[in-house]
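The values are calculated or read from the model by the stated rules, or taken from the named source; none is laboratory data. Quantities reported herein were computed from a predicted structural model and do not represent experimental measurements. We place every Cβ from the backbone using ideal geometry, glycine too, and count neighbours over all the protein chains shown. Surface accessibility is based on the protein's heavy atoms, side chains included, excluding ligands, DNA and RNA. Shrake-Rupley method; radii C 1.70, N 1.55, O 1.52, S 1.80 Å.
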Protein chains: 2
Amino acid sequence: MRVRQDFVLDDVDTRGTPGFEGDKDAAEGSLGIGAAILADLQEKLFAGNQMGDDPRSLLLVLQAMDTAGKGGIVKHVMSAVDPQGVQVATFKKPTEEELAHDFLWRIRKEVPEAGMIGVFDRSHYEDVLIAKVRELAPPEEIERRYDAINEFEAELAASGTTIIKVMLHISMDEQRQRLLKRLKRPDKHWKFNPSDIDERVLAPKYREAYQVAFERTTTPHAPWYVIPADRKWYARLSVQHLLIEALDAMRLDWPIATFDIDAEKKRLAAS
Amino acid sequence: MRVRQDFVLDDVDTRGTPGFEGDKDAAEGSLGIGAAILADLQEKLFAGNQMGDDPRSLLLVLQAMDTAGKGGIVKHVMSAVDPQGVQVATFKKPTEEELAHDFLWRIRKEVPEAGMIGVFDRSHYEDVLIAKVRELAPPEEIERRYDAINEFEAELAASGTTIIKVMLHISMDEQRQRLLKRLKRPDKHWKFNPSDIDERVLAPKYREAYQVAFERTTTPHAPWYVIPADRKWYARLSVQHLLIEALDAMRLDWPIATFDIDAEKKRLAAS
């Protein structure tokens with residue numbers, strides 16, 4: 001659901017499926033249909049840049065607590081799209097070099113190119129989330145960052161990037177079950193990190209930090225969506241829907257040939 | 001087929017399907033089965049780096065004349081794989097900045113990171129193909145480049161990258177039909193460029209340049225494969241097969257947990 005004025009994160013039902021009446025099977029069918037639509041729209045976005053120099057692009061920002069399903073979104077939603085047209089950037093703990101620069105330095109390098117769909121798996125929002133919760137920066141620096149983020153996103157939007165910011169929201173119980181599964185299954189161990197539990201304990205503080213981030217960085221050109229994510233199928237369908245909606249609003253079409261079609265047919269026949 | 005000593009490009013039957021007995025339907029079924037196998041292997045490659053710091057990666061270099069199907073390979077073979085684990089780099093006509101550097105400068109920036117599968121849609125081989133055919137560099141510079149490429153690839157292999165170099169090979173007739181289709185269909189116009197016909201006319205010179213490139217840059221750690229590509233389904237299946245074979249040879253497995261599983265289960269239960 002789109003974050004509007006008076007939105008309260010704690011009021012969100014993480015098991016809810018707002019706007020969707022069906023069950024898991026219906027959602028999976030719907031995801032399959034959406035995959036073809038998304039693939040078609042993405043190809044037009046890409047084509048428009050290749051031939052028409054259309055400067056537009058799409059950026060999906062994914063934020064969430066561990067296990068909420070960011071990786072699953074990339075795998076199950078973005079795999080519908082030609083890999084040539086997608087840039088996935090994963091932001092982890094900043095390196096020494098990254099820390100020596102402004103927090104947006106590493107982000108700017110990963111902004112999607114014209115014609116592309118970019119996905120941020122975590123993002124500049126970590127710099128007002130974990131940074132706030134764990135006091136990695138002084139409060140006045142955190143304050144400065146909200147404004148810097150708004151400026152950065154406004155600049156990005158002005159250059160032709162449609163921005164969609166998503167927070168996947170799961171309950172504490174659901175997170176426990178998912179972490180337990182990662183601990184039980186040898187093929188899931190690699191997804192677990194002991195620090196996941198340290199972060200989990202701080203969940204109430206993270207929710208507060210998200211609430212502030214929503215209040216400070218919700219803008220018309222860079223809206224936030226909080227998606228209930230206890231049901232993975234619902235979260236995937238919702239994100240796919242947001243992407244389709246955003247691309248649809250761009251009114252994309254196949255670009256007009258920049259060459260003389262008949263003349264080229266003759267040259268081809270003679271070659 | 002793997003390029004070995006005495007390989008002659010002109011002897012390749014571009015409509016052939018060496019090593020595969022079935023028809024198009026059988027190939028598509030086989031591609032579907034391979035997709036699941038490829039996805040599983042890729043996840044292990046990725047996991048091994050995430051938890052075990054496994055430095056290995058895979059690089060697929062795709063070279064071909066226009067319309068031979070490089071884009072289709074990326075779309076139909078690589079889409080089986082989690083987008084998070086794939087880096088596609090497309091090399092076009094070099095920019096002014098790129099030309100001001102050594103030809104490998106822009107290539108080095110796109111080498112796959114540890115745990116990743118990288119795909120080069122065109123590559124450093126353009127610098128000994130179009131550069132040779134169109135005399136964009138003096139002969140002694142082209143000569144120097146074969147050695148530089150071998151050194152670069154040896155270095156890459158030594159750092160843990162498995163390299164697969166593929167040339168998709170189509171006939172002149174097949175190319176004419178495919179170009180004509182691009183000229184006829186408005187949704188394909190964006191894939192056409194008048195320069196495609198200029199290049200087409202030079203096809204015999206390109207075949208010579210490929211032949212020399214094979215002779216000079218076929219090494220045990222960076223083999224060349226020439227794949228008959230008049231039948232798209234055969235080319236896709238062949239490339240998928242090469243990728244599976246390469247990943248299989250890495251003997252990948254789920255990484256061993258670097259934490260105490262029971263201790264973490266207890267911490268989780270208490271959280």
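Picking from residues in the range B:176-217 that are of a type in the set (S, T, N, Q) and under 21 Å from A:T258 (Cβ atoms), the one that is surrounded by the most Cβ atoms within 10 Å (Cβ to Cβ) is B:N193. Checking each residue in the range A:168-197 for being touching a Phe, Trp or Tyr at 6+ places or on another chain (Cβ under 6 Å) and in contact (Cβ under 8 Å) with a residue 40 or more places away in the chain picks out only A:R182. Residue check: B:K181 meets all listed conditions (1) in a loop (DSSP other than H, G, I, E, B); (2) under 20 Å from B:K75 (Cβ atoms); (3) over 24 Å from the mean Cα position of the chain (by Cα) but one, namely (1).
Here's a check for you: in the range B:140-163, which residue that is touching a helix residue (DSSP H, G or I) at 6+ places or on another chain (Cβ under 7 Å) and closer than 19 Å to B:G48 by Cβ is most open to solvent (accessible area, probe 1.4 Å)? Among residues in the range B:140-163 that are touching a helix residue (DSSP H, G or I) at 6+ places or on another chain (Cβ under 7 Å) and closer than 19 Å to B:G48 by Cβ, the one most open to solvent (accessible area, probe 1.4 Å) is B:T162. Note on the range B:14-31: among residues that are of a type outside the set (G, A, S) and in a helix (DSSP H, G or I), the one that is farthest from B:V226 (Cα to Cα) is B:D25. Residues of the range B:87-114 that are under 25 Å from B:L242 (Cβ atoms) and either β-branched (V, I, T) or in contact with a Leu (Cβ under 6 Å, 6 or more places away or on another chain) (or both): B:V88, B:T90, B:I107, B:V111, B:P112. Pick out the one residue from B:D121, B:D127 that is under 27 Å from A:D82 (Cβ atoms), surrounded by 21 or more Cβ atoms within 10 Å (Cβ to Cβ) and modelled with pLDDT of 95 or more. Only one candidate qualifies: B:D127.
Residue count for the range A:201-237 satisfying the condition of being within 24 Å of A:M1 (Cβ to Cβ) and in a helix (DSSP H, G or I): 21.
When the residues of the range A:251-268 are filtered to those that are more than 8 Å from chain B (Cβ to nearest Cβ) and open to solvent by 70 Å² or more (accessible area, probe 1.4 Å), the one that is farthest from B:F192 (Cα to Cα) is A:R251. Cβ separations smaller than 9 Å between residues 6+ apart or across chains give the following pairs from the range A:100-115 residues that are under 29 Å from A:A47 (Cα atoms) and of a type in the set (D, E, K, R) to residues that are open to solvent by 20 Å² or more (accessible area, probe 1.4 Å) and modelled with pLDDT of 95 or more: A:R106/A:P94; A:R106/A:T95; A:R106/A:E97; A:R106/A:E98; A:E110/A:Q87; A:E113/A:N49; A:E113/A:Q87. For the range A:65-87, the criterion of being over 21 Å from A:R144 (Cα atoms) and away from chain B (no Cβ under 14 Å) is met by at least one residue. The residues of the range A:218-248 that are open to solvent by less than 20 Å² (accessible area, probe 1.4 Å) and aromatic (F, W, Y), listed by number, are A:W224, A:Y234.
Condition check ((1) outside any loop (DSSP other than H, G, I, E, B); (2) more than 20 Å from the chain's Cα centre (by Cα); (3) crowded, with 16+ Cβ neighbours inside 10 Å) across all residues:
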position: A:I33; (1), (2), (3): yes, yes, no
position: A:L38; (1), (2), (3): yes, no, yes
position: A:L41; (1), (2), (3): yes, no, yes
position: A:A47; (1), (2), (3): yes, yes, yes
position: A:I73; (1), (2), (3): yes, no, yes
position: A:Q87; (1), (2), (3): yes, no, yes
position: A:E97; (1), (2), (3): yes, yes, no
position: A:D102; (1), (2), (3): no, yes, no
position: A:P112; (1), (2), (3): no, no, yes
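Checking the stated criteria, B:E245 turns out not to satisfy the condition of being touching an Asp or Glu at 6+ places or on another chain (Cβ under 7 Å) and in a helix (DSSP H, G or I).
One residue stands out among those in the range A:177-223 that are of a type in the set (S, T, N, Q) and under 30 Å from A:A246 (Cβ atoms): the one that is nearest to the other protein chains (Cβ to nearest Cβ), which is A:Q211.
Against the numbered list (1) under 29 Å from A:K205 (Cα atoms); (2) among the hydrophobic types (A, V, I, L, M, F, W, C); (3) in contact with a strand residue (DSSP E or B) (Cβ under 7 Å, 6 or more places away or on another chain), A:L58 comes up short only at (1). Would you check if A:A137 is assigned to a loop (DSSP other than H, G, I, E, B), under 28 Å from A:K75 (Cα atoms) and touching a helix residue (DSSP H, G or I) at 6+ places or on another chain (Cβ under 6 Å)? For A:A137, the condition - assigned to a loop (DSSP other than H, G, I, E, B), under 28 Å from A:K75 (Cα atoms) and touching a helix residue (DSSP H, G or I) at 6+ places or on another chain (Cβ under 6 Å) - is not met.
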